[in-house]
1. Hey, rough spin-label estimate for PHE26 and LYS4, points 7 angstrom out along Cα→Cβ, what's it come to in nanometres?
2. The list [x] 23.5; [y] 21.7; [z] 21.1 gives values of Kirkwood radius over Cα pairs in Å, and only one came from this structure; which label was calculated from it?
3. Relative to the longest principal Cα axis of the chain, at what angle does helix 260-286 sit, 0 to 90 degrees, rounded to 10?
4. Relative to the Cα centre, what is the charge dipole magnitude of the chain, using +1 at the beta carbon of each Lys and Arg, -1 at the beta carbon of each Asp and Glu, and rounding to the nearest 20 debye?
5. Can you give the three extents of the C-alpha atoms in segment 1-81 along their principal axes, from longest to shortest, in whole Å?
6. Using the number of other C-beta atoms within 10 angstrom as an exposure proxy, rank ILE139, ILE42 with the fewest first.
7. For PHE13 and LYS280 in the same chain, what is the full-extension length gain: residue separation times 0.36 nm, less their Cα-Cα distance, in nm?
8. For LYS284, which lysines qualify as cross-link partners when the Cα separation must be under 26 Å and same-chain residues fewer than eight apart are set aside?
Amino acid sequence: MTLKNTIEFPNLFGDGIIISAGRVAFTLPIVGLEVYWYGVIITTAVALGILYGINRASKVGLLPDNVFEIAFWGVITGVVGARAYYVLFNGGGMSLQDAVTGIRGGGLAIYGGLIGAVAGGGIAARVKKVKFAPLADLIGLGFLIGHSIGRWGNFFNQEAFGAPTASSLPWGMTGNLIRADSQVAAMQRSLGNSGYALVHPCFLYESLWCLVGFVVLHFYMKRRSFDGEVFLLYVVWYGTGRAFIESLRTDSLMAGGLRVSQVLAIVSAVAALGLFVYFKVKVKNSGKALFKDTDASREAVAAYDYKIRLEKEKIAAKNEIVKHQREMTDPFRDDEEDDDDDS
């Protein structure tokens, strides 16, 4: 039997709240495989991000089918990148076998996933001859959905939390796994019975930051002046927030004395901001149109919409024929009509 973990927020709502939250969401029958909440949440986050991109494809001049196909490969390369990034910087001397087969024990890094997904998606787009810049705008918004939801997997795992903080922090959290952390345990010993050693809920900070970013950039999408603009703003937004939040964490991947993800967040945010300004000026001077406003895009989207409309009409017609055939072969049909005539 899997033991339940407890997560506590001692200062919330007066007396605080205690949540019983084990890592296992459910167990598959017959095979007995435990499915973790982390996996369920990450899968949901990825699916919703992809569905958003498919639904908004025409807004950037692309076809939903192409977005799905490219997203499929991006997910695969994203998982590979997330694992490779963690293995490279975790400093644990992980063997090749553990790196490949030990993924259920934990060890995925978001920035590795982003790099892998963008690289894989870029290659797939090139093979499929799909414009990558407008696709990147959807990718950025999809990533924000994924970050916002996916970070709650860390909540169930009691990981990716911040350093011990004041026991009076209103949203400070603790838990049976958090208390086992060496820094938290040391602070608790220093406090004795005078208070709790609480930590910053970094997962919550990042989730809320990405949710706000998604809402802002979703509405900004209508105002973009060049393809790829929203993606660059995503990199700026996420990098800025991640750089601050990473400074609070106790489990950062390190390279020497530097927090790898924090350095990458700062560098990528600054670079993206520079590119944003550069392309804004360039587009203003050149007057280049968005891909969605080109004849090629409009014709492709119109042809796709026409194809979907025909398929729906065929399905509707087929359903009508089947319905009519059932009515004609209904053994009670004549009796019901005779009854109606008699009345």
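1. About 1.9 nm, to one decimal.
2. Given [x] 23.5; [y] 21.7; [z] 21.1, the calculated one carries the label [x].
3. 50 degrees
4. Computed about the Cα centre, the dipole is about 2660 debye.
5. 53, 41, 24 Å, listed from the longest principal axis down.
6. Exposure proxy ranking, most exposed first: ILE42, ILE139.
7. Separation in residues times 0.36 nm, less the Cα-Cα distance, equals 91.4 nm.
8. Straight-distance partners of LYS284: LYS59, LYS131, LYS222, LYS292.
The numbers here are math on the coordinates, done by the rules we state, and not lab data. Bear in mind that the values here come from a model prediction, so they are computed numbers and not experimental data. Note that each Cβ is placed from the backbone with ideal geometry, even for glycine, and that neighbours are counted across all protein chains shown.
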